[in-house]
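The values are calculated or read from the model by the stated rules, or taken from the named source; none is laboratory data. Everything numeric in this text was worked out from a predicted model, so none of it was measured. Glycine also receives a Cβ, built like all others from the backbone with ideal geometry; neighbour counts cover every protein chain displayed.
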Amino acid sequence: MTTEVSYRAALTSDMDSLLQLMRALQQDDPWSVPFREELVRESVQELLLNPFRGRVYLILDADTAIGYLVLSFDFSLEYAGINAWIDELFVRPELRGQGIGSKTLEFAAQAAREHGAKVLHLEVNRGNRAIHLYRRHGFADHDRYLLSKWLIDGPSLSG
């Protein structure tokens, strides 16, 4: 395996590969809500079919998917217009420490710019070792809370 990675936009035919990688992410750095595969599949499908909401990319070594990146878009007056969020970034654990995460952050910034974003954000769970990587790439901490409220019947965020 080399560290010469490439990126390609995910297709609906990549769903099973994406879900396998997403399950691996849950083992490594789980979401704050339960991973319900049927709902995740629907959400990924919506994202793949509606590029205005965001983009999903596979991280490839040759033709093998070794990770994925999800960019989502929103609009903010505070941040001067279109913003991109790294919603998910996952590289297989055995391939970490080879510069793939750094290359993927650079790719994410370029892809966000190409889609008109002025700012690239991400959120990271407390204790995630990748925080140092993100800071090295210019991501700054904010003295803010992330608050969420479900507008549909959804899992509880408070446990």
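Of all the residues in the stretch 110-125, those that are over 26 Å from Gln26 (Cβ atoms) and either of a type in the set (Gly, Ala, Ser) or in a helix (DSSP H, G or I) (or both) number 5. Residues that are over 14 Å from Leu105 (Cα atoms), part of a strand (DSSP E or B) and among the hydrophobic types (A, V, I, L, M, F, W, C) within the stretch 70-89 comprise Phe73, Phe75, Ile82, listed in sequence order.
In a residue-by-residue description of the stretch 27-47, the property of being out of contact with any Pro (no Cβ under 6 Å at 6 or more places or on another chain), aliphatic (A, V, I, L, M) and closer than 19 Å to Ala112 by Cα applies to at least one position.
Would a scan of the stretch 90-104 turn up a residue that is assigned to a helix (DSSP H, G or I), at pLDDT 95 or above, polar (S, T, N, Q) and surrounded by 16 or more Cβ atoms within 10 Å (Cβ to Cβ)? Yes, that holds for at least one residue. Kindly indicate whether Ala24 is in contact (Cβ under 8 Å) with a residue 40 or more places away in the chain, within 16 Å of the chain's Cα centre (by Cα) and not in a helix (DSSP H, G or I). No. Applying the criterion of being in a helix (DSSP H, G or I) and of a type in the set (Asp, Glu) to the residues of the stretch 27-55, the residue that is nearest to Glu4 (Cα to Cα) is Asp28.
Scanning the stretch 10-43 for residues that are hydrophobic (A, V, I, L, M, F, W, C) and closer than 22 Å to Asn128 by Cβ gives Leu18, Leu19, Leu21, Met22, Ala24, Leu25, Trp31, Val33, Phe35, Val40.
Go through (1) at positive phi; (2) surrounded by 17 or more Cβ atoms within 10 Å (Cβ to Cβ) for Ala84 and report which single condition fails. With (1) at positive phi; (2) surrounded by 17 or more Cβ atoms within 10 Å (Cβ to Cβ) applied to Ala84, the lone miss is (1).
Of all residues in the stretch 47-61, those satisfying the criterion of being out of contact with any Lys or Arg (no Cβ under 7 Å at 6 or more places or on another chain) and within 21 Å of Ser148 (Cα to Cα) are Arg53, Gly54. Can you find a residue in the stretch 56-64 that is in contact with a Pro (Cβ under 6 Å, 6 or more places away or on another chain), in a loop (DSSP other than H, G, I, E, B) and more than 17 Å from Ala108 (Cα to Cα)? No, the stretch 56-64 contains no residue that is in contact with a Pro (Cβ under 6 Å, 6 or more places away or on another chain), in a loop (DSSP other than H, G, I, E, B) and more than 17 Å from Ala108 (Cα to Cα).
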